[in-house]
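Reading through the structure tokens given below for one structure.
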Amino acid sequence: MTFHPLDANGRPLDEIALEGMQVCCIVGVYRAERHTPQPLRLDVSLYLDTRDAANRGGLKATVDYARLSGELRFLLENASFRLLEAAADALCRYILAPPTPDLHRAQVQAVTLRLAKPEALSGGTVAALAVHRRADEYRYAVEEKSFGRVDVIYEDGGAGIYRLRLKPGGAIATHEHREMEESELVLGSGLWLQGAPVAAGTGFRWPKGFPHRYDNPSAHEQTVLCVDRPAFLPHDEIEVPLPEGGLTRPEGVTYYPPGASEGAHG
């Protein structure tokens with residue numbers, strides 16, 4: 001199937017491709033697949049107008065593919081999708097969502113995404129799915145919160161993907177979860193986690209009952225990408241007092257390669 005999306009003036013959009021990304025993750029419906037990570041191959045084509053980037057330079061007019069690849073890897077490693085179809089839809093919804101200011105990238109107008117499970121079948125057969133989506137196909141719920149707002153990127157019975165957008169001076173109070181499994185990736189470069197600065201591109205998995213909080217002391221909105229399994233349960237956002245010994249952090253995982261930071265040029 002040929003996919004050649006056009007801009008509002010009828011001109012073909014430019015294509016940025018991420019090819020051959022390999023992620024080891026939980027994806028599938030069978031018992032063995034639900035407990036054992038397997039390799040997944042991801043190929044993505046992003047469609048947008050890159051003329052401004054070519055003429056002016058800088059990533060705000062295009063896409064920082066180093067950062068985006070880390071964000072997609074984080075989602076695949078933490079959402080534990082049951083179906084390739086669900087994984088593809090969730091990733092497309094994330095890619096095509098209007099970018100937050102701290103992402104410093106242009107709006108992607110359309111996407112082609114292919115997922116393949118090279119070891120799911122015997123005899124050398126590869127199970128794969130390819131989808132084509134446009135930004136105008138999607139709508140995103142927005143929830144106003146005391147700390148700012150939440151963008152609901154994707155939800156199904158098994159997982160939810162959210163952008164937590166902390167306004168300047170905003171804070172997500174110390175809280176814990178007792179039912180949900182939660183993973184978070186820091187997107188903004190001005191956030192504090194557990195009372196100390198945290199680098200953009202750092203991901204965390206929060207054990208159940210582990211108190212955590214975010215603060216935004218900066219003058220700009222800062223974003224956290226959040227995966228909850230199952231999808232967010234309001235009654236499981238339990239505010240708790242500070243522990244006697246203070247807040248600690250689990251070991252973080254770096255999802256952005258060196259140099260993939262605010263103001264970098266590709």
task = Look through segment 53-87, keep the residues that are within 14 Å of the chain's Cα centre (by Cα) and among the basic types (K, R), and return whichever of them is surrounded by the most Cβ atoms within 10 Å (Cβ to Cβ).
result = R67
inquiry  = Quick check on E155: is it under 20 Å from L76 (Cα atoms) and either touching a Leu at 6+ places or on another chain (Cβ under 7 Å) or among the acidic types (D, E) (or both)?
reply    = yes
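Being under 16 Å from the mean Cα position of the chain (by Cα) and touching a residue at least 24 places away in the same chain (Cβ under 8 Å) is the filter here, so list the residues in segment 144-157 that pass it.
D151, I153, Y154, E155, D156
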task = State whether one or more residues within segment 208-222 are aliphatic (A, V, I, L, M) and within 24 Å of S80 (Cα to Cα).
result = no
ask   = Would it be correct to say that A66 is closer than 30 Å to G158 by Cβ, out of contact with any Ser or Thr (no Cβ under 6 Å at 6 or more places or on another chain), part of a helix (DSSP H, G or I) and not assigned by TED's automatic domain parsing to the domain that holds E155?
value = yes
ask   = Does any residue in segment 115-143 that is under 16 Å from Y94 (Cβ atoms) come within less than 6 Å, Cβ to Cβ, of a residue that is charged (D, E, K, R) and surrounded by 14 or more Cβ atoms within 10 Å (Cβ to Cβ) six or more places away or on a different chain, and which pairs are these?
value = Y138/R93; Y140/D151; V142/R149; V142/D151
request  = Identify, from the list A86, A130, A116, the residue that is small (G, A, S), part of a helix (DSSP H, G or I) and not assigned by TED's automatic domain parsing to the domain that holds R163.
outcome  = A86
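For segment 133-143, enumerate the residues that are more than 23 Å from E179 (Cα to Cα) and part of a strand (DSSP E or B). Talk me through it step by step, then tell me what you get.
To start, the set of residues in segment 133-143 that are more than 23 Å from E179 (Cα to Cα) comprises 133-142.
Hits for segment 133-143 are R133, R134, A141, V142.
Identify all residues within segment 1-20 that are assigned to a strand (DSSP E or B), surrounded by 15 or more Cβ atoms within 10 Å (Cβ to Cβ) and aliphatic (A, V, I, L, M); write none if there are none. Please lay out each step first, then the result.
The initial filter retains those residues of segment 1-20 that are assigned to a strand (DSSP E or B), namely 6, 12, 14-20.
Then drop every residue that is not surrounded by 15 or more Cβ atoms within 10 Å (Cβ to Cβ), which leaves 14-16, 18.
Residues satisfying the conditions are I16, L18.
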query = In segment 218-258, what count of residues is obtained for those that are in a strand (DSSP E or B) and either assigned by TED's automatic domain parsing to the domain that holds E71 or within 16 Å of the chain's Cα centre (by Cα) (or both)?
reply = 10
ask   = What pairs come up if the first residue lies in segment 89-109 and is in contact (Cβ under 8 Å) with a residue 40 or more places away in the chain and part of a helix (DSSP H, G or I), the second is small (G, A, S) and buried (at least 21 other Cβ atoms within 10 Å of the Cβ), and their beta carbons are under 7 Å apart, counting only those six or more places apart or on different chains?
value = A90/A79; D102/G188
Residue selected from segment 36-52 under the condition under 26 Å from E155 (Cβ atoms) and assigned to a loop (DSSP other than H, G, I, E, B), by the criterion farthest from the chain's Cα centre (by Cα) = T36
query = Scanning for something exposed (fewer than 15 other Cβ atoms within 10 Å of the Cβ), without any contact (Cβ under 8 Å) to a residue 12 or more places away in the chain and among the aliphatic types (A, V, I, L, M), does segment 161-176 turn up at least one residue?
reply = no
request  = Output yes when any residue across segment 21-35 is touching a residue at least 12 places away in the same chain (Cβ under 8 Å), crowded, with 19+ Cβ neighbours inside 10 Å, outside any loop (DSSP other than H, G, I, E, B) and more than 18 Å from the chain's Cα centre (by Cα), and no when none is.
outcome  = no
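The values are calculated or read from the model by the stated rules, or taken from the named source; none is laboratory data. In this text the structure is predicted, and so the values were computed from the model without any measurement. Cβ: placed from backbone, ideal geometry, glycine included. Neighbour counts: every protein chain shown.
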